Amino acid sequence: MTDLDVRALVAAELDRTRLRSTALTDAVDDDDLVRQHSPLMSPLVWDLAHVGNQEELWLVRDVGGREPVRDDIDHLYDAFKHPRADRPQLPLLGPAQARAYTRSVRDKVLDLLDRVPLEGRPLVERGFAFGMIVQHEQQHDETMLATHQLRAGPPVLPAAPPPPATAAAGGEALIPAGPFTMGTSAEPWALDNERPAHTVDLPAYLIDRAPVTNARYQEFVDAGGYDDPRWWSADGWDHRRRAGLTGPMHWHGDGTYTRFGRREPIVPDEPVVHVCWYEAQAFAAWAGRRLPTEAEWEKAARFDPATGRSRRYPWGDDDPRERHANLGQRHLSPAPVGAYPDGASPAGVHQLIGDVWEWTSSDFRGYPGFAAFPYEEYSKVFFGPEHKVLRGGSFGTDRAACRGTFRNWDYPVRRQIFSGLRCARSCPPELA
Ligand code: AVJ
Ligand code: FE
């Protein structure tokens, strides 16, 4: 790409992303913007100004070396200083102020984008800081979408139904033993935790060709899975009891769930969503399976046995198109399994990208050779057993913040995110 292409691409991505943030925050009135819809979430107006504040810190001040737009509000929008539950009590910018602030930061950034030298820098650096800001805003847009799901009241977001299933996606795929390249050193906008590319050798395993559906999960519920400690880890059972879990979040126990203000019958062949890591693990144990490791997930998604190399996406190296995956909030739900045959991997594994984030069994850790960039606070401070890795993105994830190497993480109790699972198992000797 030439310098001009990079600038045009960045400008288009910034623009597209801001349209989404604006739609998510313009959909509700000012009272709803400042209200806390759940102690798990920030008020929407916090996310909006936080997005602007990060953009000011990383681009206006760090990359551009410019004067602060506002140097008096950084502490309000520092996610490490105030837990989400406390944010409504802060003297936050109001809706009109937050909108004006993010707009004036953006104006400075577009000006900067025209002037900052990109020429002569390694490709990895070209536009990276801008790409990181696009991904940061898109991640907060997904968080704001999760806040919308927690909001009480009538629906405010338009919901186009997802496409129907057009292919069979049942059963398991066998992934033969052998090495593959995990992570990336080449993807220009890959974040520090996706780097560097490194070889991982895995024994043979089987992985579900589709995420676990609502129908299958209902069987687990109906079989008394929530009342049987056999399927749960010790911590998981403890959490199950203390939190009084009886089924996925937003299920009512009568065959209906509420999605973005609409109470509807549960669609049986859609991937189950809003389960925590403990529930995912218990389901897998009940089904005689286990969660895949992060490496198993990525090999199933990226490894091409014909060439021996790892692809950017299951379908190849092309950026996601509508026919590949349910991404970008085009639909307000996962799509039925078998709806995206064009997005399947070489091993015939479907819907790895989009629909629901998939819990893996892995702790969030740095790859061998990891180097924090640009700040330790982006990923490194979250490394450790308390965070579990999710892969693949959801219907609410934008294509800019999702790829075969992209890693998400959260606490094992969290389920307000768009999280589901697929199962795996080690290959029995007779199949290997
Ligand atoms: C990668 C989704 C866990 O939301 O905490 C947003 C992304 N980092 N602002 C999060 C992020 C800083 C992060 N997750
Ligand atoms: Fe953030």
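What to note about this one:
- Flag if Ala204 is surrounded by 15 or more Cβ atoms within 10 Å (Cβ to Cβ) and within 16 Å of ligand 1 (Cβ to nearest atom): no
- The residue list Asp86, Asp47 contains one member that is charged (D, E, K, R), within 12 Å of ligand 2 (Cβ to nearest atom) and assigned to a helix (DSSP H, G or I), which is Asp47.
Yes or no, residue by residue, for (1) at pLDDT 95 or above; (2) assigned by TED's automatic domain parsing to the domain that holds Ile133; (3) away from ligand 1 (no atom under 16 Å from the Cβ):
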residue: Asp342; (1), (2), (3): yes, no, yes
residue: Pro346; (1), (2), (3): yes, no, yes
residue: Ser361; (1), (2), (3): yes, no, yes
residue: Glu377; (1), (2), (3): no, no, no
residue: Phe383; (1), (2), (3): yes, no, no
residue: His387; (1), (2), (3): yes, no, no
residue: Arg391; (1), (2), (3): yes, no, no
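- Of the set (1) over 22 Å from the mean Cα position of the chain (by Cα); (2) within 14 Å of ligand 1 (Cβ to nearest atom); (3) in a loop (DSSP other than H, G, I, E, B); (4) aliphatic (A, V, I, L, M), all apply to Leu57 but (3).
- For the criterion of being in a loop (DSSP other than H, G, I, E, B), of a type in the set (Val, Ile, Thr), crowded, with 22+ Cβ neighbours inside 10 Å and at pLDDT 95 or above, Val273 passes.
- Scanning the stretch 368-396 for residues that are within 15 Å of ligand 2 (Cβ to nearest atom) and under 19 Å from the mean Cα position of the chain (by Cα) yields Glu377, Tyr378, Ser379, Val381, Phe382.
- Evaluation of Glu322 against (1) closer than 25 Å to Asp192 by Cα; (2) part of a loop (DSSP other than H, G, I, E, B) (one fails), failing number: (1)
- Test: Asp398 is touching an Asp or Glu at 6+ places or on another chain (Cβ under 9 Å) and touching a residue at least 12 places away in the same chain (Cβ under 8 Å): yes
- On inspection, Val69 does not qualify as closer than 26 Å to Arg16 by Cβ and in contact with a Lys or Arg (Cβ under 6 Å, 6 or more places away or on another chain).
- Being more than 18 Å from Leu110 (Cβ to Cβ), more than 14 Å from ligand 1 (Cβ to nearest atom) and of a type in the set (A, V, I, L, M) is true of Leu44.
- Just one of the listed residues (Gly52, Gly94) is more than 14 Å from ligand 1 (Cβ to nearest atom) and among the small types (Gly, Ala, Ser), namely Gly94.
For every residue, the table says whether it meets (1) buried (at least 20 other Cβ atoms within 10 Å of the Cβ); (2) within 16 Å of ligand 2 (Cβ to nearest atom); (3) over 21 Å from Asp47 (Cα atoms).
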position	(1), (2), (3)
Asp107	no, no, no
Leu112	no, no, yes
Gln149	yes, no, no
Gly153	no, no, no
Leu157	no, no, no
Ala168	no, no, yes
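- Test: residue in the stretch 120-132 that is within 16 Å of ligand 1 (Cβ to nearest atom) and under 17 Å from the mean Cα position of the chain (by Cα): yes
- Residue among Glu279, Glu264 that is in a strand (DSSP E or B) and at pLDDT 95 or above: Glu264
- Screening Ala100 on (1) out of contact with any Phe, Trp or Tyr (no Cβ under 9 Å at 6 or more places or on another chain); (2) not in a helix (DSSP H, G or I) shows it passes everything except condition (2).
The values are calculated or read from the model by the stated rules, or taken from the named source; none is laboratory data. Computed from a predicted structure; not experimentally measured. In this analysis, Cβ positions are derived from the backbone assuming ideal geometry, glycine residues included, and neighbour counts consider all displayed protein chains.
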